[in-house]
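My questions will all concern the structure given below.
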Amino acid sequence: MATAMSVSAVSPPAAAVTRPRTMVCVPATARAPREMAAELAAAAALGADVAELRLDCLAGFAPRRDLPVILAKPRPLPALVTYRPKWEGGEYEGDDESRFEALLLAMELGAEYVDVELKVADKFMKLISGRKPDNCKLIVSSHNYETTPSSEELANLVAQIQATGADIVKIATTATEIVDVAKMFQILVHCQEKQVPIIGLVMNDRGFISRVLCPKYGGFLTFGSLKKGKESAPAQPTAADLINLYNIRQIGPDTKVFGIIGKPVGHSKSPILHNEAFRSVGFNAVYVPFLVDDLAKFLDTYSSPDFAGFSCTIPHKEAAVRCCDEVDPVARDIGAVNTIVRRPDGKLVGYNTDYVGAISAIEDGIKASESEPTDPDKSPLAGRLFVVIGAGGAGKALAYGAKEKGARVVIANRTFARAQELANLIGGPALTLADLENYHPEEGMILANTTAIGMHPNVNETPLSKQALRSYAVVFDAVYTPKETRLLREAAECGATVVSGLEMFIRQAMGQFEHFTGMPVDDYKFRAIASSLDNPNTMKPRL
């Protein structure tokens, strides 16, 4: 098998091996037997394929008393029984003999799957010799809570697990960076070619994509929690998100992968918007969050044509300019890329849809607030003093767009040197945030915050005091989680016209959708999808 880190060659074989659908498994972690049985039923109602019964979570567990309750037939779902010891990340602290007897009893009571750890698999095999029912599959598992070993080491681990007589191989590792997941994808492809059933997952937020994309590479199953707060492993999504948000039932070998690259990235609503937009036009793709530390390393590793496009957010927009093979002239002038598309020849092309999204949102917000009709040929920004807070990728886009519309642009930033650097590029003055508190050269000024100040969970933060906001006629905030930030709320209280970052988000996403799919965007349909983003019941990606 390939040993390189890159997944450029990691795609399902040309003559795809016939395989069953990747199952969604919900862990049941209740403390009481009847509650665990109820969780199994709840998992079935969510649309799961199997439930993992975590016996080590039960308080005062007595196998002969409790297992008949949990495994009573008819069951709404097949049962995967796990009795995880503390030394392998579980809660059981007793001896192996008692634990093995409980697992054997679960087999006799009709459990469809039983999971046992590699370290004790040989001992367990001797105990159950000739006693394992034909309808029960044995999963032999290995968990690494520190790192993800090399591809060679993972391949050796697969062979070691197979040698125990396992029906299904399970390997769970931990990502120290997102490129670690590529090694697991290689193993999944290798096992698929050899027709070896494997559960291969990478834990924590940098490994999140392994849980969503495993159907593309032939994983036997993936785990999704019953609800938020019921996770059995780090960064486990909910089953509802896997099924409804990521549309995991439709992910297959030919599914294109898109996603948002950032750090942090868990707050983003882009997966909700783009996945539903893809689904609405029948586009075979999935959009996932990529928590990335090193952009160049990420793009080099995930270089397969199947990784077809990316949204770029903080702090990678400027680095993206250097990482692309070609950059749209506007994005190059701005010095920031928020959209990357991989062409069929493998070349990466960078665009910037932020500036159009933000500037048009501000212009429309101003026009809507004015009672008198405005000159359609003249931007309402022309001649206005436009203060940009932030000198990063989004700040550059706003500064560029405002200048193009004829505004006089001022850059304010926490670090003055960064503010001065951007101000020199656009030909305007630079200020520190402290200076901005007393900056009031004229009436009718426009303020645009492009920093992450005030973003969830730091919703009580604001880049500028309420007193200082009295100097502005229009205030825009690029932060859209929450929709009404403290900055916008206090600006509205001061009488300013406010423009939410959600409007910029929607408009820049429309541009990205067209770049990703090559299809014209249906404005009405896209906005209808985006309207669900304000619904607190909307399924959101968990990281």
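The values are calculated or read from the model by the stated rules, or taken from the named source; none is laboratory data. Just so it is clear, the structure is predicted and the values come from calculations on it, not from any experiment. As a convention, Cβ positions derive from the backbone with ideal geometry for all residues, glycine included, and neighbour counts pool all protein chains shown. For the accessible areas, the whole protein counts, side chains as well, though only heavy atoms, and no ligand, DNA or RNA atoms are used. Shrake-Rupley method; radii C 1.70, N 1.55, O 1.52, S 1.80 Å.
Would it be correct to say that G454 is in a loop (DSSP other than H, G, I, E, B), on the phi > 0 side of the Ramachandran plot and in the same structural domain as K403 (by the TED database)?
So G454 passes the test.
Considering only residues that are part of a loop (DSSP other than H, G, I, E, B), open to solvent by 20 Å² or more (accessible area, probe 1.4 Å), in contact (Cβ under 8 Å) with a residue 24 or more places away in the chain and not hydroxyl-bearing (S, T, Y), which ones fall in the stretch 123-154?
If the condition is that a residue be part of a loop (DSSP other than H, G, I, E, B), open to solvent by 20 Å² or more (accessible area, probe 1.4 Å), in contact (Cβ under 8 Å) with a residue 24 or more places away in the chain and not hydroxyl-bearing (S, T, Y), then R131, K132, P133, N135, N144, E146, P149 are the ones that fit.
Then there is this: Within the stretch 244-334, considering only strands (runs of 3 or more DSSP E) that don't extend past its boundaries, which have at least 3 residues that are among the aromatic types (F, W, Y)?
Output list is empty.
Could you say which residue among V286, V292 is surrounded by 18 or more Cβ atoms within 10 Å (Cβ to Cβ), assigned by the TED database to the domain that holds R343 and more than 27 Å from D523 (Cβ to Cβ)?
Only one candidate qualifies: V292.
Taking strands (runs of 3 or more DSSP E) that fall entirely within the stretch 165-234, which contain at least 2 residues that are surrounded by 24 or more Cβ atoms within 10 Å (Cβ to Cβ) and in contact (Cβ under 8 Å) with a residue 60 or more places away in the chain?
221-223
Might you check whether a residue that is in contact (Cβ under 8 Å) with a residue 12 or more places away in the chain, out of contact with any helix residue (DSSP H, G or I) (no Cβ under 9 Å at 6 or more places or on another chain) and open to solvent by 50 Å² or more (accessible area, probe 1.4 Å) occurs anywhere in the stretch 91-107?
no
Something else about it: In the stretch 348-383, which residues are over 17 Å from H515 (Cβ atoms), among the β-branched types (V, I, T) and either open to solvent by 20 Å² or more (accessible area, probe 1.4 Å) or in a strand (DSSP E or B) (or both)?
T374
Since Q195 meets every condition but one in (1) more than 26 Å from the chain's Cα centre (by Cα); (2) closer than 29 Å to E101 by Cβ; (3) of a type outside the set (D, E, K, R), which condition does it not meet?
All conditions are met except number (2).
Continuing with this model, one more query. Scan the stretch 76-87 and give yes if some residue there is open to solvent by 30 Å² or more (accessible area, probe 1.4 Å) and in contact with a helix residue (DSSP H, G or I) (Cβ under 7 Å, 6 or more places away or on another chain), otherwise no.
yes
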